[in-house]
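Participant: One structure follows; several queries about it will come next.
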Amino acid sequence: MREKAISAYGCDIVRIEGNYDDSVRHADKDAQNNGWYVVSDTSYEGYREVPSVVMQGYTTIATEIAEQISGLHQRIFFFLAAWEVSLQLCFPGRSPGFGES
């Protein structure tokens with residue numbers, strides 16, 4: 001069902017044997033063979049610059065949310081996808097605007 005929903009956007013889905021790291025290596029290989037670019041927050045040997053820029057974008061999102069909710073006097077809860085650790089790192093539990101009493 002998920003595959004059908006994703007392919008409705010006109011993309012090709014490639015299933016591989018293995019785990020997440022195997023899929024990242026496969027995507028990198030496909031990109032190199034086809035002149036494509038990988039845009040990911042997952043870094044690996046030889047691929048560090050783009051993920052750092054993606055993380056800067058996540059930090060911008062967190063900062064903008066903090067600024068917009070800073071005047072609220074109630075608890076705010078954020079629910080983030082469990083697999084998206086990189087995004088979670090930009091929303092610490094106790095930083096200005098987040099989790100303050």
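Participant: Look through region 15-31, keep the residues that are assigned to a helix (DSSP H, G or I) and more than 12 Å from T42 (Cβ to Cβ), and return whichever of them is most open to solvent (accessible area, probe 1.4 Å).
Facilitator: Step one: filter region 15-31 for residues assigned to a helix (DSSP H, G or I), giving 20-31.
Adding the requirement that they be more than 12 Å from T42 (Cβ to Cβ) leaves 22, 26, 29-31.
Numbers: D22: 50, H26: 68, K29: 127, D30: 43, A31: 7 Å².
If we take residues in region 15-31 being assigned to a helix (DSSP H, G or I) and more than 12 Å from T42 (Cβ to Cβ), then K29 is most open to solvent (accessible area, probe 1.4 Å).
Participant: Among the numbered criteria (1) under 14 Å from L89 (Cα atoms); (2) in a helix (DSSP H, G or I); (3) in contact (Cβ under 8 Å) with a residue 12 or more places away in the chain; (4) not acidic (D, E), which single criterion is violated by V50?
Facilitator: Among (1) under 14 Å from L89 (Cα atoms); (2) in a helix (DSSP H, G or I); (3) in contact (Cβ under 8 Å) with a residue 12 or more places away in the chain; (4) not acidic (D, E), the lone unmet condition for V50 is (1).
Participant: Quick test of your reading of the structure: G46 fulfils all but one of (1) open to solvent by 60 Å² or more (accessible area, probe 1.4 Å); (2) touching a strand residue (DSSP E or B) at 6+ places or on another chain (Cβ under 8 Å). Name the failing condition by number.
Facilitator: All conditions pass for G46, except number (2).
Participant: Here's something else I'd like to know. Within region 58-74, does at least one residue satisfy the condition of being within 22 Å of V24 (Cβ to Cβ) and either in a loop (DSSP other than H, G, I, E, B) or without any contact (Cβ under 8 Å) to a residue 12 or more places away in the chain (or both)?
Facilitator: No, region 58-74 has no match at all.
The values are calculated or read from the model by the stated rules, or taken from the named source; none is laboratory data. All values reported here derive from a predicted model rather than from experimental measurement. Cβ atoms come from the backbone with ideal geometry, glycine included; neighbour counts cover every protein chain shown. Protein only, heavy atoms only, side chains kept; ligands, DNA and RNA dropped before computing areas. Shrake-Rupley method; radii C 1.70, N 1.55, O 1.52, S 1.80 Å.
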